[in-house]
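Please read the structure below before turning to the comments.
What follows is calculated from the coordinates using simple rules that are stated; it is not laboratory data. These numbers were taken from a predicted model, which means no experiment stands behind them. Methodologically, a virtual Cβ is constructed for each residue, glycine included, from the backbone with ideal geometry; neighbour enumeration extends over all protein chains shown.
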Amino acid sequence: MFSGSTDTTVKVWELSTLKVKHTFTGHTQQVTTISRSHDNKMICSGSSDCSIKVWDVENLTCDTTINTGKDIRSVFWYRGMVFSGHLKTVLVWDIKKKKLVKELPGQDHWIRSILVANGYCFTAAQNIQIWDMGSFSCLKTLSQIKCGSIYCLGLYEDWLLAGTYEQKLLIWDTKTYEYVGALKHPGPIYALAINGQRVYTGCYDHSIYEWDLRMLAY
């Protein structure tokens, strides 16, 4: 497990003991976001110091630093590229070349969550934009629901999930992108994780909630 902190560090945790296995240093301001490679051998971190750092988890070294020039709120690792979320825009970077590949503009606020899956890129601020990964063109904007800032995204079977500051877990059908509904939450949702048929949400009240979306209950 990996965590980023206001103390500017990135920590690697051993889940069996819940102890810190290693601490990466190098950022000069708070670490706001982390994403991992699919094989878990590398992670990337984004910081308010405007940099993305790529860390080698096996060798415990910093492999690459990309200076974006913008405060970062979210990152997502995808096939040799890293997507970084900023104020009203997403930047797509080639990790090895440390070069900007594409800019995805047009959002309405800080982009706090990015998800790439099934040939699409989902970017979330106070609405959700859906981008085609082949052409990097914006296909659709999901903005009909007023929910405040969206802090996290997830895919569960044919549903797109969004955790919001306004204490709701929003659900869209990914086949039609029609709005399905919302599950009321006790507080703002800052994180979500999916395991099998269960969805877990992390809340401002320091609690984690377990949802069975098949039953629309928890």
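Couple of notes before you dig in:
- Each principal axis of the Cα atoms in the stretch 144-218 has its own extent, and those three values, largest first, are 34, 28, 17 angstrom.
- Dipole magnitude of the chain about its Cα centre (Cβ charges: Lys, Arg +1; Asp, Glu -1), debye to nearest 20: 340 debye
- A crude spin-label estimate for the pair LEU18 and LEU60, with each label 7 Å from Cα along the Cβ direction, gives 2.3 nm.
- Counting only the Cα atoms, the stretch 54-145 fills a convex hull of 103 Å³ per residue.
- Between the listed residues LEU155, ASN67, LEU183, the Cα displaced farthest toward the positive end of the dipole of the chain, a dipole computed from Cβ unit charges relative to the Cα centre, is found at ASN67.
- Tensor-based shape of the chain (alpha-carbon gyration tensor, a/c under 1.5 rounded, otherwise prolate or oblate): oblate
- Listed residue pairs exceeding 32 Å between alpha carbons, taken from LYS11/LYS88; LYS98/LYS184; LYS11/LYS175; LYS146/LYS175: LYS98/LYS184; LYS11/LYS175
- Charged side chains reduced to their Cβ positions (Lys and Arg at +1, Asp and Glu at -1) give the stretch 144-218 a dipole of some 100 debye around its Cα centre.
- LYS88-THR25 pseudo-label distance in nm [points 7 Å out on the Cα-to-Cβ vector]: 3.8 nm
- Partners for LYS99 among lysines (Cα-Cα distance below 18 Å; same-chain residues under 8 apart left out): LYS53, LYS70
- In summary, the aspartates and glutamates within cross-link reach of LYS102, defined as a Cα separation below 16 angstrom excluding same-chain residues under 8 places away, comprise ASP94, ASP132.
- Highest-MSF residue in the chain out of TYR204, TYR165, TYR151 [GNM, Cα springs under 10 Å]: TYR204
- Computed lengthening from ARG214 to TYR177, 0.36 nm per intervening residue step minus Cα-Cα distance: 11.5 nm
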